[in-house]
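To start, the structure itself, in structure tokens.
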Amino acid sequence: MNNSMRLFSKVVWAEACKQHRNYFNNRAIYISLFVWPVFSFLSAYYSYSAFDIRGTFISYLSDDNILLFLLIGYMAMSFFRSVVQSAWRFSMERQAGTLEYIYLSPANRMAVLLGNALSSVFESSVVMLIFGIMIMYYQRNALNIDVLGLISVMIIFVVMALLWGVFLNACFLYSRDTDFLFTVLEEPMEIFAGVKIPVVIFPYWARVISLIFPLTYILEALREVCLNHADIASVRIILIISIAIIIVLLTVTLVTIRVVEKHMRKSGNVILF
Amino acid sequence: MNFKVFCATIKKGIQIRIRAYPVSFMVGCILTSFYTILGSYLMYHYFFLGQLSESFELNARTTDYMSYAIVGSLMYQFIVRTCLNVSRTLITELREGTLESLMLAPFKRTSYFLGNMTMQTVLTIGETAVAAVIGIAFGFRISDFNLYHFIVAISLSLYGFFGLSLMLGCVMLYTRDTYISQNTLFAIIFLVCGITFPKEALPYCLQLFGNVIPVTDAVTLMRASLLGGLTDSEFLYLGLQEFILGTIYIVAGMPLMKHVEHIALEQMEG
Amino acid sequence: MIEVQNLQKIYNVKRRQSFFKSYKESIEAVKDISMKIEAGQIVGLLGINGAGKTTTIKMLTTLIEPTSGTYSFDGINAIENPSFVKNKINMIAGGERMIYWRLTAYENLWYYGQLYGIDNNTLKNRIESLLQMVGLEDKANLPVETFSKGMKQRLQIARGMINDPKYIFLDEPTIGLDAVVTKELHDEIRKLSKVREKGILLTSHYLAEVEELCDYIYLVNKGELVVEGTKKDLTEYVYNRKQYCFSVQGMDENIIMRLHNYLISLDIDVEIVQQDDRAIITSKFELSSALAQFAIKENLIIKELYEIEPSLEQAVIKLSQQICREAESIA
């Protein structure tokens, strides 16, 4: 048991290092990871200027904290979005033939997917995270944080982002039409997960769509604990749903890996759907 | 201007498009403008319950937010499609290895680029029309149409976009990158050129930045021709400004492109 | 020892007829293959494209499961225990793909080493000695994208050795390489088998390569084993007949006809094909003196007269043609 844990972590670490060296040696990539999210954050912020903030019925929003409201949304999204991009790049390993060598080795497949997600989640979001924390510090008066709530929400947030990454890695790796997944996941998440518009005000049909994205739930919790001083008890339902999502993501991924391996040994092909 | 080259370029472009039309990319672009419009719609009707700020009414010169945002995002889609394709022509030739044979032929670049631009414009107008129909469902209304202004706005927009495409093409060919440079430019345009909100909302330095990109005025002109809000003299003034800006881009862009082409060929391996 | 018996692989492929309709089709990529690979031996797997070589290799590497047949790996059932097999084998493919171009040679090897769970100290020493073996020790810290084709291919070899496998599968390892580099690689492969006692299975497009390297050869066609044996066995199988090239001044159809009649008069059964001004004569008998005598009798000046050395390449071409002809005659 101990030995297999050791092997598992070895593979996770190796995959994360490889991913880092393979993609992040190019400085231009930080433009895509930092400049673009910051620009779309600013665009969203200034597009609010067209409206009268007092018009909204979200009680805890005001002129003072609307910037932080958006910033938290874009920071959280940068974690979830970076994994979409990196999963897409990871799927290139199929064409490059390196995936076949990974499958030739006895390495744990879950460890490979996890290592990859680990590197992309943290490396892709670190610049945006620093930027966000700086702005938050600057605007600290508008914050209304419940520390214990924030810590617990953060832990769940990180686990969820990682598993979302693992899940997407599996989706992209084993799917034929990755471009389609990319189109479906990139922009709708910004709108429907409530990044720039809170989900609570959505019309009914839009709320149904928003339920698909795990980010929707945890982002809501994150805003509540940062801006509305919500404690664990008041966000417990969101947290329970989040944990349920984590379990579902994990199960689906594990099953997919098993099925793919079986399918591949039958058909000689990793493409599942 | 060489008409033969112009026509040949159009013909070649159409042949390539017919054989392999980038459907997923086109759908992607229409979806992007759909999401932008949807975002504005949710924001306007649900988040802020239709309450516009005073500064918006002052700067946008209209109270019809949805039409304002939809014209902006349609123009944005138009820029993304034309700019992208015209700028990418030369780097595509470089990647496919046809740049060398193209450079061997003694022809004028102007006709080549204009040919590409014309073909792309025709294709994009069709796609923009599809997006406009979607816009109507979200409340797009042409309230004060002025045909004369509309023609001027279209011509000047194309003129300005052509200049911008040239510059972007230079950057792409020089850095040999399309992904980063194009998307960064588009992110900048979306932020500073008054696509979904008046540029006056931005800090002064970003406004200045917006003023030197020949998209800001083009979007304003197009809006004025469809939704009104500008006097004739204001329209004329903005039009002149757009024309001068476009001219600067083209006059600087043409020789620069020639220079960059040589650099690109020298760096070519093998 | 690797031993497979009656390996068969049927793929069920979904074919799209129109947007809504699709139908299933069974493709028998491998019909019936039995083979053995022993340590220290280089075994060749020969066949034209589509013969089932790649599917066979994928089954042997446990990447795909055979539809039927048995696979024993050092006495263990390999179909049931793929991870046991994976630890003891590796594959080296030709071409420039399958390594990370942006990683250095060392980083590539380190990464793959981790996938095999190799202890870090062991791995470090192994990478160093492998890089030395393939002559890349000074390039260890350069990104692979700066490497030449030959260097990339040598790195592939080092990568294929990273888990110190007992058996190595070489899938067209010299594809696209020039003669000098190919020769270096051949020496390397020979060393792997003879010095390091690895069991090697080699597939190749280049028949000269198989001819030069392999101790034992399996010839497959359309998923079936056609013939097996050493190089000598194989050529003899096809060429139990001798072939001569015979050319005289003023060679024409008339002379060939007279030659044919002359040989028949000697009670020799032959087949003569004219190629330019040469006659290619195939027969079971030793013909040199008969041909010489014919020239003297007819007062012809001999330009060329020699026995054609049978090569494996010709053997394969001939065999494939023969099989095709047989198939046609049945149909």
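Here's the picture: charge each Lys and Arg Cβ at +1 and each Asp and Glu Cβ at -1 in chain C, and of C:256, C:293, C:117 the one pushed furthest to the positive end of that dipole is C:117.
Counting only DSSP H runs of at least 4 residues, each contributing -39500 (n - 2.57), and dividing by the residue count of the protein assembly as shown, the helix-based mean residue ellipticity at 222 nm comes to -20000 deg cm²/dmol.
Largest mean-square fluctuation among C:145, C:298, C:224, in a Gaussian network model of chain C whose springs join Cα atoms under 10 Å apart, belongs to C:298.
Mean Kyte-Doolittle of at least -1.0 plus a Cα span of 27 Å or more along the axis: flag which DSSP H helices in chain A meet both, please.
A:2-23, A:66-90, A:109-138, A:147-173, A:236-267
Taking label points 7 Å from Cα along the Cα-to-Cβ direction, residue A:64 and residue A:89 give a separation of 4.1 nm. Note on region C:1-101: Cα-only Rg and Dmax are 16.0, 53 Å.
At q = 0.21 Å⁻¹ the log10 of I(q)/I(0) for region B:1-83 amounts to -1.00, computed by Debye summation with a single uniform scatterer per C-alpha, solvent ignored.
Against chain C, whose longest principal axis comes from its Cα atoms, helix C:105-115 is set at around 70 degrees. Specify the angular offset, from 0 to 90 degrees and rounded to the nearest 10, of the alpha carbon long axis of helix C:179-194 from the longest principal axis of the alpha carbons in chain C. Tilt relative to chain C: about 70 degrees.
For a Förster distance of 56 Å, can you work out the FRET efficiency between the beta-carbons of residue B:175 and residue B:45, rounded to the nearest 0.05? Plugging the Cβ-Cβ distance into 1/(1 + (r/R0)^6) gives 0.85. Among A:253, A:98, A:216, whose mean-square fluctuation peaks in a Gaussian network model of chain A (Cα, cutoff 10 Å)? The residue with the greatest mean-square fluctuation here is A:98. In the neighborhood of residue B:76, defined by Cβ-to-Cβ distances under 14 Å, what is the net charge if each Lys or Arg adds +1 and each Asp or Glu adds -1? Summing Lys and Arg as +1 and Asp and Glu as -1 gives +1. Here's the list of aspartates and glutamates a cross-link from residue B:11 could span, going by alpha-carbon distance under 17 Å and ignoring same-chain residues fewer than 8 apart: B:93. Model label sites at residue A:154 and residue B:155, defined 7 Å from Cα along the beta-carbon direction, differ in position by 6.1 nm. Histogrammed with a bin width of 10 Å, the alpha carbon distances of region A:172-273 distribute as 13, 32, 31, 17, 6, 1 percent, first bin at zero. The Rg/Rh ratio for region B:124-270, using Cα coordinates for both the radius of gyration and the Kirkwood hydrodynamic radius, is 1.03.
Counting only residues at least eight positions apart within a chain, or on another chain, the lysines with an alpha carbon under 22 Å from that of residue B:258 are B:4, B:12, B:108. The distance linking region B:174-223 with region A:61-96 is 22 Å (Cα centroid to Cα centroid, whole angstrom). Based on the Stokes-Einstein relation at 37 °C and a viscosity of 0.692 mPa s, and on the Kirkwood radius from alpha carbon pairs, region A:2-267 is assigned a translational diffusion coefficient of 168 µm²/s. Using a 10 angstrom Cβ neighbour count of at most 16 plus a DSSP loop assignment to flag exposed trypsin sites (Lys or Arg not before Pro), which longest range of chain A is free of such sites? Longest site-free region, per DSSP loop and neighbour criteria: A:28-175. For residue C:3 and residue B:110, a Förster radius of 60 Å and the Cβ-Cβ distance give a FRET efficiency of 0.25, rounded to the nearest 0.05.
A cut-off under 11 angstrom between Cβ atoms defines the neighbours of residue C:217, and their net charge, with Lys, Arg +1 and Asp, Glu -1, is -2. Using only Cα atoms, find the angle between the long axis of helix B:23-41 and the longest principal axis of chain B, and express it within 0 to 90 degrees, rounded to the nearest 10. On a 0 to 90 degree scale, this one is about 20. Compute the Cα gyration tensor for chain B, then decide on rounded, prolate or oblate, letting a ≥ b ≥ c be the square roots of its eigenvalues: rounded whenever a/c is under 1.5, prolate when a/b is larger than b/c in the other cases, and oblate in all that remain. In terms of gyration-tensor shape, prolate.
When the listed pairs A:10/C:166; C:9/C:191; C:9/C:86; C:149/C:198 are checked against a 30 Å cut-off, the alpha-carbon distance exceeds it for C:9/C:191. When 1/r is averaged over all different Cα pairs and the result inverted, which Kirkwood radius in Å belongs to region A:49-176? Value: 16.9 Å, from the Cα pair sum. Mean silhouette area of the protein assembly as shown, derived from the convex hull of its C-alpha atoms and averaged over all directions, reads 47.4 nm².
In the distance distribution for region B:46-161, Cα-Cα pairs more than 26 Å apart total 38 percent.
When only alpha carbons are used to place a centre, region A:178-254 and region B:50-80 end up 29 Å from one another.
Exposure proxy check: B:11, C:88 ranked by fewest other beta carbons within 10 Å?
B:11, C:88
Summed over all non-identical Cα pairs, the Kirkwood treatment of region C:240-307 gives a radius of 11.7 Å.
Annotation: the residues B:226, C:123, sorted from fewest to most other C-beta atoms within 10 Å of their own C-beta, follow the order C:123, B:226. Applying the criteria of a DSSP loop state and at most 12 other Cβ atoms within 10 Å to the GluC sites (Glu not before Pro) of region C:1-86 yields C:80. By the count of other C-beta atoms within 10 Å, a proxy for reagent exposure, B:199, C:9 are ordered fewest to most as B:199, C:9. Ordering C:83, B:221, B:133 by Cα displacement along the dipole of the protein assembly as shown toward the positive end leaves B:133 in first place; charges were set at the Cβ atoms of Lys, Arg (+1) and Asp, Glu (-1). Taking Cα centre as origin and charging only the Cβ of basic (Lys, Arg, +1) and acidic (Asp, Glu, -1) residues, the dipole magnitude of chain B rounds to 800 debye.
Taking 0.36 nm per residue of sequence separation and subtracting the Cα-Cα distance, how much length would be gained by fully extending the chain between residue C:245 and residue C:124, in nm to one decimal?
Gain on stretching residue C:245 to residue C:124: 37.7 nm.
Two numbers describe the Cα atoms of region C:2-230: Rg and Dmax, which are 18.4, 58 Å. Cβ-Cβ distance of residue C:32 and residue A:175, R₀ of 45 Å, FRET efficiency by 1/(1 + (r/R0)^6): the value works out to about 0.80. Between residue C:257 and residue A:27, the modelled label-to-label distance comes to 8.5 nm, taking each label 7 Å out from Cα in the direction of the beta carbon. Annotation: the antiparallel percentage among DSSP beta bridges lying fully within the protein assembly as shown is about 70. Each of C:8, C:47, C:26 was scored by the projection of its Cα onto the charge dipole of region C:1-126, and the greatest displacement toward the positive side belongs to C:26; charges sit on the C-beta of Lys, Arg, Asp and Glu.
Each reported figure results from applying straightforward, stated rules to the coordinates on display, with no laboratory input. Keep in mind it's a predicted model, so treat the numbers as computed, not measured. Cβ sites come from the backbone with ideal geometry, for glycine too, and all protein chains shown count toward neighbours.
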